[in-house]
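Here the structure is laid out as structure tokens; the discussion comes afterwards.
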Amino acid sequence: YFKNLVVKAFKNKNGKLLNVASGPGRDLKELYEENPSLILKTTCVEMDENAIMYAKKLTHDYNEDIEYIQKNIFRFKTEQKYDLIWSAGLFDYFDDKAFVLLLKRFKTWLAPGGEIVVGNFNEDHNPSRAYMEAFGEWYLNHRTEKQLIELGIAAGFKPEQLSVGREEENVNLFLHVRGGNCIS
């Protein structure tokens, strides 16, 4: 989903990507490797120092285009404006209040005409949920498509700016927020 989204967004133009909770970097390595003509500057914000060290090694051929910042996203500050802000595997840990707060912050970093995409486990379809919770004690905030749209509205976006995509397996939903004028 990530690679297809980025390639589509930057097919015929240069761009800036903010990758929040970027993890070990395999998706970035594959993205840059599979799309050598892509002109993309990526900023990765990740709290885990080990994930950053691993990602830097994995993406070493592309690190002139990738900046890694070790920081809690709630403490991250920037004047940069990004064409695409991506975060998957983070918002599931947040309650609704934190979700809306961070989405509002993302809005301030979005370039005109840009897009925010936030992943979240699907409340209506996660065949592994019982296993995750029972054996892994891994409790996440699963959400429905409707809930994601409501959270986008609560963050100050207009309903027409919001849509929800899903990966092929339908386990993860992706709230898409198109830039432009916002309510607040």
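The values are calculated or read from the model by the stated rules, or taken from the named source; none is laboratory data. Worth saying up front: this structure is predicted, and the values here are computed from it rather than measured. Cβ: placed from backbone, ideal geometry, glycine included. Neighbour counts: every protein chain shown. Accessible surface is based on the protein model in full, side chains and every heavy atom, while ligands, DNA and RNA are left aside. Shrake-Rupley method; radii C 1.70, N 1.55, O 1.52, S 1.80 Å.
Applying the set (1) farther than 21 Å from Ala21 by Cβ; (2) at pLDDT below 90 to Gly156 leaves exactly one unmet item: (2). Could you list, in sequence order, the residues of the range 23-69 that are open to solvent by 10 Å² or more (accessible area, probe 1.4 Å), small (Gly, Ala, Ser) and at pLDDT 95 or above? Ala51 - this is the single residue of the range 23-69 that is open to solvent by 10 Å² or more (accessible area, probe 1.4 Å), small (Gly, Ala, Ser) and at pLDDT 95 or above. Suppose we keep only residues that are assigned to a loop (DSSP other than H, G, I, E, B) and polar (S, T, N, Q) within the range 1-21. Which one would you say is nearest to Ala88 (Cα to Cα)? Ranking the candidates gives Asn14 first. Considering the range 1-22, the residues that are open to solvent by 20 Å² or more (accessible area, probe 1.4 Å) and touching a strand residue (DSSP E or B) at 6+ places or on another chain (Cβ under 9 Å) include one that is nearest to Pro112 (Cα to Cα), namely Lys16.
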